[in-house]
1. Hand me the trypsin sites (Lys or Arg not before Pro) from region 142-229 located in a DSSP loop with no more than 10 other Cβ atoms within 10 Å, in residue order please.
2. What does the charge count near Leu268 come to, summing +1 for each Lys or Arg and -1 for each Asp or Glu among other residues with Cβ under 13 Å from its Cβ?
3. Could you size up the charge dipole of region 184-343 around its Cα centre, putting +1 on the beta carbon of Lys and Arg and -1 on that of Asp and Glu, and report it in debye to the nearest 20?
4. Label points 7 Å out from Cα along the Cβ direction at Thr259 and Ser191: separation in nm?
5. Of Lys132/Lys190; Lys190/Lys241; Lys51/Lys231; Lys251/Lys338; Lys203/Lys338, which ones are farther than 27 Å apart at the Cα?
6. Summing +1 for each Lys or Arg and -1 for each Asp or Glu, what net charge is found among the other residues whose Cβ lies under 13 Å from the Cβ of Ile93?
7. For the residue pair Glu39 and Leu77, what label-to-label distance in nm results when each label sits 7 Å from Cα along the Cα-to-beta-carbon direction?
8. Please list the three semi-axes, largest first and in whole Å, of the ellipsoid equivalent to the chain, using sqrt of 5 times the eigenvalues of its alpha carbon gyration tensor.
Amino acid sequence: MKISMLSNALSVHTQRWAQAFAQRGHDVHLFSVNSSEIEGVHVHPVYIGPKNSKTVFWKLLSYFYFFLTIRRRLKKLNPDIVNAHYASINGVIAAFSGFHPLVISVWGSDVIAANGPRLPLILRAALRYALKRADLICATSGYLAIQTRRFTNPFQRIERVPFGVDCDLFKPSDNGQMKNSQQFRIGFVKSLLPRYGPEFVIKAMPLICRFVPNAKLIMVGQGRLKNDLIKLARSLNVEDKVEFTGFVPNKDLPKILQTFDVFVLASLRESFGVVLLEAQACGVPVVATNIGGVPETCIDGQTAYLVPPEDSAAIAEFVLFLAKQPAVREQFARNARKFVLANYQWHTNVAQMLALFAELTNHNNQTSRFPFSDPSKPLLKKDA
């Protein structure tokens, strides 16, 4: 199958999807305003000005050029199917091409407002334009599917296709080695941005350290809040208890996750939460905010404890409980691995997406179905 993707070539999500398709023998062509080499994938950069420029002017100009040339590019390539990632940008560009079958994969921030209850008017109009023209919409979680439904007609087809975990890569330590007995390691892996709530994890540290003096918080990621977070840790007298590692490539992340005793996610908005799956696949129990798609990616009371957003006291309470109850922590670790294996294996997700592509290309089945109309019903088997 010849698959044309419209997505950001620099994103690890894009790279994983494109490589997975190529590794299964498909001819994958990726159109992107950013350029990157991806093994086995034909990357077609579409940019004006400096390569991979971060300047807004050149980005906008490149996307405008992409918009104007996509029809010609797809006509020349003549793929079997087009898969556009991020609906409000690449989805709009793909929709404008008029090519079918068209699959649009929503990512979360393209559908859910980062600040405030609603997206700006122009983005809502762009979403409706793109999604209306899609033959199929894919969302990583039931929560994201429900949020996407606000911009489609009631009968448009939406499928839930998670962005799962390579459980051969993300797994407990091979040698079964115990965690560092000299430290109780608390992990945070996210960009250091306001929507991920890193400050609430640091604010929990004074209480945690009062009862667990050997506690250490490992902050993995980079972002504009880093200097403010360093100052916050200093003001709370926990500067020596917080370590900032900077950015860590996804391929190196398992080695860090395997050292954590507890993983904390403090996001204020989260459409899915793949990092929760990666931590659990490594056998790490979780304390996470009970928002968005998070309840789909862990089991409260079995693999994780879910807490209200912006609640440092609740984060500290459950981290302390897990610290003081090693038997519970070990049971959560076993449950977590089992849960991910049962529900979120990457190869299964890739096979599901390719089956949908095959259905559209072979039969052009436009049957409307939406299996998430009742969000109160469980979307997954949670038999951990």
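1. Arg224
2. -1
3. Details: 19 positive and 15 negative charges, 60 e Å.
About 280 debye.
4. It works out to 2.5 nm between the two label points.
5. Long pairs (Cα-Cα over 27 Å): Lys132/Lys190; Lys51/Lys231; Lys203/Lys338.
6. Net of charged neighbours comes to +3.
7. For the pair Glu39/Leu77, the computed spacing is 2.2 nm.
8. Semi-axes, largest first: 37, 23, 20 Å.
Each reported figure results from applying straightforward, stated rules to the coordinates on display, with no laboratory input. Nothing here was measured: the structure is a model prediction, and the numbers come from that model. FYI the Cβ positions are ideal-geometry reconstructions off the backbone, even for glycines, and counts take in every protein chain you see.
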